[in-house]
Amino acid sequence: MNNQQTIGRVQEWRKNATKAGKELPLKDVPFVFFGINVATLSVKEWFTIGANKTQAKQFDKLLKDKAKEGKNGGGLYDQVQIMLQVLTDDEELGVCGDCLGPLAGSRQELTETFRRDVKEGKPITKRDRSLIDLGIDIALGITFNWFSVGGVEEDAAAFQHAIVNDVAEEGTNGGGTLEKMKEMYKILSAKAEEVEETVEEKEKEEEEDEDGSESEEEESDDEE
């Protein structure tokens with residue numbers, strides 16, 4: 001998929017999902033933003049977990065590269081803005097500070113915050129999912145094009161396959177988007193009570209980890 005194909009995908013979605021192909025309502029934009037951000041975090045993990053410094057620096061190029069015809073497909077900051085403008089007809093929307101949020105947190109934190117703040121704790125609908133899927137497609141389409149034009153041209157097909165299909169291995173491989181999006185949709189589609197149970201279990205595990213750390217420190221002091 002190249003950026004022109006990604007634009008075509010956005011235009012097709014707009015034509016099929018809105019009356020007479022009208023611009024996407026602003027109330028729906030956060031769902032597309034979320035899809036873009038969660039996919040970008042997944043891509044960041046793939047680039048940086050278990051990678052050497054040279055490979056890790058490639059992610060920064062993917063974010064910031066400027067498009068040059070035939071030489072560079074362009075990075076996420078610039079290209080996401082174009083896609084969002086095609087979707088909404090709003091030239092002010094999608095400035096890089098808005099379209100890509102902070103990339104320091106975890107995908108799970110981003111997903112749980114989205115469900116709590118945007119969905120008010122409710123499961124997502126089919127339309128919500130189609131909007132999130134569109135955001136994911138936008139982020140991956142731009143990434144695929146960057147691989148092919150100016151990124152890692154000779155290995156573009158292999159990289160495209162790996163960034164989607166890799167299986168995560170702690171410390172050695174950040175994993176592909178396919179398995180991560182399944183995890184994300186599991187959180188977003190769960191009934192409210194199931195989400196509450198998961199959060200409680202997570203908090204309990206964190207408390208146990210803290211207690212374990214304190215015990216180890218006490219044992220260390222006793223040995224001294």
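Here are the numbers for the structure shown:
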| item | result |
| --- | --- |
| Close pairs from the range 111-123: first in a helix (DSSP H, G or I), partner surrounded by 16 or more Cβ atoms within 10 Å (Cβ to Cβ), Cβ under 6 Å, at least 6 apart | 111/184; 111/187; 114/34; 115/188 |
| Within the range 1-55, considering residues that are part of a loop (DSSP other than H, G, I, E, B) and at pLDDT 85 or above, the one surrounded by the fewest Cβ atoms within 10 Å (Cβ to Cβ) | 25 |
| Test for residue 115: is it at pLDDT 90 or above, more than 22 Å from residue 76 (Cα to Cα), surrounded by fewer than 20 Cβ atoms within 10 Å (Cβ to Cβ) and not β-branched (Val, Ile, Thr) | no |
| Yes/no for residue 65 being in contact (Cβ under 8 Å) with a residue 40 or more places away in the chain, in contact with a strand residue (DSSP E or B) (Cβ under 8 Å, 6 or more places away or on another chain) and buried (at least 16 other Cβ atoms within 10 Å of the Cβ) | yes |
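The values are calculated or read from the model by the stated rules, or taken from the named source; none is laboratory data. Computed from a predicted model, the values in this text were never measured in an experiment. Cβ: placed from backbone, ideal geometry, glycine included. Neighbour counts: every protein chain shown.
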